[in-house]
Amino acid sequence: MVSYLEYGPVICLEGSFKGQIGYLDDFDEDNDKILGIVYFGNPLLCSSYFLIPVNYLSNSITMHDIIQCKEKLASRISRQKDNKNKSQLLLELEFVNTLFYERHITTHTLSKSGLKLFISHSSQDKGYANLLYADLKDAGCIPWLDQWDILGGQSIPTEIEKGIDNSDFLLILLSKNSVTSSWVRAEWESSIWDENQDKQVRVIPILIEECTIPRFLKTKKYIDFRQDYGSAFRELLYTIDKLK
């Protein structure tokens, strides 16, 4: 009935369920309005479902969405006094946790294909870098992250240099930590030089928090991840697709 939505996990983008992740089981119609039948939890365990306009739903769920949903559910559960409502929230949290672990496992077992993206970041922003790594891998890219791509015993500077040289783009996570990091600066400076020589865009700044942008990057348009991660991530995918 609705070709752009698939049965399975969905996130609500609008309405009273905004930010919640559920399972799309089927479709229904009400006065020519198409509704999704959504269970918030494993549909085999839930006793009730909700009818949600399909234009409020999306199959595109990032790790950032999943983690935010987990945190909100944990907070709601801690405040909930009614046992029946708490049980429903626990079912929902279990479903989201399962999705989180499935995505995490899939991220590290996906076959390698697509554009190669080096993620340059401060070690203090490793959590954010891992989120981006997982979502890029899920989108079909080949992200490079030191945590996963440098093995025990290997030379860190050598492997970083290989990672940069073999990448199509270098993504710089701009934060208060990274702009003062000599490691991060060394990574993007070499790529800026390559850009000037080849006349091709290789460096894409990604602003993850308010900070002083380095002088050599000020002329570049950055992708702003500070407010809406989902929209910014889609802009990043669009950008690398157009620049490849």
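The values are calculated or read from the model by the stated rules, or taken from the named source; none is laboratory data. Just so it is clear, the structure is predicted and the values come from calculations on it, not from any experiment. When we count neighbours, we look across all protein chains shown, and the Cβ atoms used for this are built from the backbone with ideal geometry, even at glycine. Protein only, heavy atoms only, side chains kept; ligands, DNA and RNA dropped before computing areas. Shrake-Rupley method; radii C 1.70, N 1.55, O 1.52, S 1.80 Å.
Selection over segment 185-242 of residues that are modelled with pLDDT of 85 or more, assigned to a helix (DSSP H, G or I) and open to solvent by less than 90 Å² (accessible area, probe 1.4 Å) gives a count of 12. The residues listed here are L243, L217, L171, L207; of these, the one that is farther than 16 Å from S120 by Cα, in contact (Cβ under 8 Å) with a residue 24 or more places away in the chain and touching a strand residue (DSSP E or B) at 6+ places or on another chain (Cβ under 8 Å) is L243.
To keep it simple, each residue is scored yes or no on (1) in contact (Cβ under 8 Å) with a residue 12 or more places away in the chain; (2) in contact with a Phe, Trp or Tyr (Cβ under 7 Å, 6 or more places away or on another chain).
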| position | (1), (2) |
| --- | --- |
| F27 | yes, no |
| S58 | yes, no |
| K70 | yes, yes |
| N83 | no, no |
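So, in segment 1-47, exactly how many residues are open to solvent by 80 Å² or more (accessible area, probe 1.4 Å), among the aliphatic types (A, V, I, L, M) and touching a Cys at 6+ places or on another chain (Cβ under 9 Å)? The total comes to 0. Within segment 129-151, not a single residue is loosely packed, with under 13 Cβ neighbours inside 10 Å, outside any loop (DSSP other than H, G, I, E, B) and of a type in the set (F, W, Y).
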